[in-house]
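Worksheet for the structure shown next.
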Amino acid sequence: MLSTLSRKMLMCLTGLFLSFFLLIHFLGNLQLFLPPEQAHLQFNAYSHFLSGNILIKMVSYVLYASIILHALDGLVITLKNKKSGGSYQSERRGRASKWYSRNMGILGTLILIFLVIHFQNFWYVYKFGNPPLDNNGNKDLYILVVTVFKEWWYVIIYVVSMGALCYHLIHGIHSAARTLGLYHPKFVKWFKTAGIVYSVIISVGFALMPVYVFFTAH
């Protein structure tokens, strides 16, 4: 059985890895904002390169393990806090905790549900389905993305999920600073500010992608 400190450290490390992966995923998906003809071939070539790279495959296994461990660890911590009458990772140092810090379990659940939908619509179809090929002979992930993002209901789910992700990241990064021992007010304040900026940029950026495709693909 893991101690409370070990669970917090596991949550911290998996969370930071997932945050770093989000940045890489975000930078790659910025290609969706290119002119359609350029985005089509370039995005597919990028996806083909990732799927055939052995190093990327190894990192992907770490990603899957991190998602599972982060979710399970979050569930255990949430249940323990509810059982003890506390709130998830609440920070009450002289002031009331933020609503998102008290509802990290709910935010995490919304993100997990989104990930299941997201993986099913893109990763599963790309890996195990029969997507068409583009003019270069690569699997046409771009057409798959455009097809899904043409659905208004999916765009709404995506945007709402990115809102949940934003608050989840803001609190998670701030909590990671404390877990790593950055208790000095200067470091905590800097880490919190950087975390907020990062969270907003990543979440808003991701949210704009389906919105952009929805309005430009119709």
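Laid out as a table, the results:
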{"item": "Pick from the stretch 197-218, criterion surrounded by fewer than 20 Cβ atoms within 10 Å (Cβ to Cβ) and more than 15 Å from the chain's Cα centre (by Cα), ranking: nearest to Met104 (Cα to Cα)", "result": "Val197"}
{"item": "Flag for Val160 being in a helix (DSSP H, G or I), open to solvent by 20 Å² or more (accessible area, probe 1.4 Å) and aliphatic (A, V, I, L, M)", "result": "yes"}
{"item": "Qualifying positions in the stretch 11-28 - open to solvent by less than 50 Å² (accessible area, probe 1.4 Å) and either touching a residue at least 60 places away in the same chain (Cβ under 8 Å) or of a type in the set (Phe, Trp, Tyr) (or both)", "result": "Met11, Cys12, Gly15, Ser19, Leu22, Phe26"}
{"item": "Output for the stretch 156-190, where each listed residue is of a type outside the set (A, V, I, L, M, F, W, C) and closer than 24 Å to Leu112 by Cβ", "result": "Tyr158, Ser161, Gly163, Tyr167, His168, His171, Gly172, His174, Ser175, Arg178, Thr179"}
{"item": "Residue list for the stretch 29-85, restricted to those being open to solvent by 60 Å² or more (accessible area, probe 1.4 Å), more than 26 Å from Leu144 (Cα to Cα) and in contact with a helix residue (DSSP H, G or I) (Cβ under 7 Å, 6 or more places away or on another chain)", "result": "Leu69"}
{"item": "Among (1) among the hydroxyl-bearing types (Ser, Thr, Tyr); (2) at pLDDT below 95; (3) under 25 Å from Val159 (Cα atoms), the one test that Tyr142 misses", "result": "(2)"}
{"item": "Residue in the stretch 124-134 that is surrounded by 13 or more Cβ atoms within 10 Å (Cβ to Cβ), β-branched (Val, Ile, Thr) and modelled with pLDDT of 95 or more present", "result": "no"}
{"item": "In the stretch 105-129, the residues that are assigned to a helix (DSSP H, G or I), among the small types (Gly, Ala, Ser) and without any contact (Cβ under 8 Å) to a residue 40 or more places away in the chain", "result": "Gly105"}
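The values are calculated or read from the model by the stated rules, or taken from the named source; none is laboratory data. Being a predicted model, the structure only gives us computed values, none of them experimental. Quick reminder, even Gly has a Cβ in these numbers, built from the backbone with ideal geometry, and neighbours come from all protein chains shown. Please note that ligands, DNA and RNA were not included when accessible areas were found on the heavy atoms of the full protein model with its side chains. Shrake-Rupley method; radii C 1.70, N 1.55, O 1.52, S 1.80 Å.
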